[in-house]
1. Just to be sure I understand the curve: with the Debye formula and one point per C-alpha of the chain, what is log10 I(q)/I(0) at q = 0.28 Å⁻¹?
2. If the cut-off is 26 Å between C-alpha atoms, which lysines fall inside it for Lys26, apart from same-chain ones fewer than 8 positions away?
3. Angle between the Cα long axis of helix 38-60 and the longest principal axis of the chain, 0 to 90 degrees, nearest 10?
4. Measure off, as a whole percent, the carbon and sulfur share of the 1.4 Å-probe accessible area of the chain, all protein chains present.
5. Can you give the accessible area per residue of the chain, in Å², using a 1.4 Å probe?
6. So how strong a dipole does the chain carry about its Cα centre when Lys and Arg Cβ are +1 and Asp and Glu Cβ are -1, to the nearest 20 debye?
Amino acid sequence: MKLTVDLNKIENKVLNIVEIADEDIKEALKESLEEMNTEEMVTAFEDNLALGLVQGLMKTYSKDVKFKK
């Protein structure tokens, strides 16, 4: 699977969740996104996808799915 990341979409999603009044913080967000490399983004995507799947499994099959010790 090939993953394409649109930094503008990510920035817009963040700004849809939080209101940032300070322009310096908005600029820091943009710089942070630009500094992330592709491997970090893919790892973050994989981690978040795995966590979402775990949440779904735990909710649906709470008796049969437990965290590893």
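1. -1.24
2. Here the lysines satisfying the reach criterion relative to Lys26 are Lys9, Lys13.
3. Between the helix axis and the principal axis of the chain, the angle is about 40 degrees.
4. Values: 3550 of 6490 Å².
Carbon-and-sulfur percentage of accessible area, whole number: 55.
5. Details: 6490 Å² over 69 residues.
Dividing the accessible area of the chain by its residue count gives 94 Å².
6. Working: 10 positive and 15 negative charges, 193 e Å.
Rounded to the nearest 20 debye, it is 920 debye.
The values are calculated or read from the model by the stated rules, or taken from the named source; none is laboratory data. These figures come from a predicted structure and were not determined experimentally. Cβ sites come from the backbone with ideal geometry, for glycine too, and all protein chains shown count toward neighbours. Quick note on the areas: whole protein, heavy atoms, side chains included, nothing else; ligands and nucleic acids left out. Shrake-Rupley method; radii C 1.70, N 1.55, O 1.52, S 1.80 Å.
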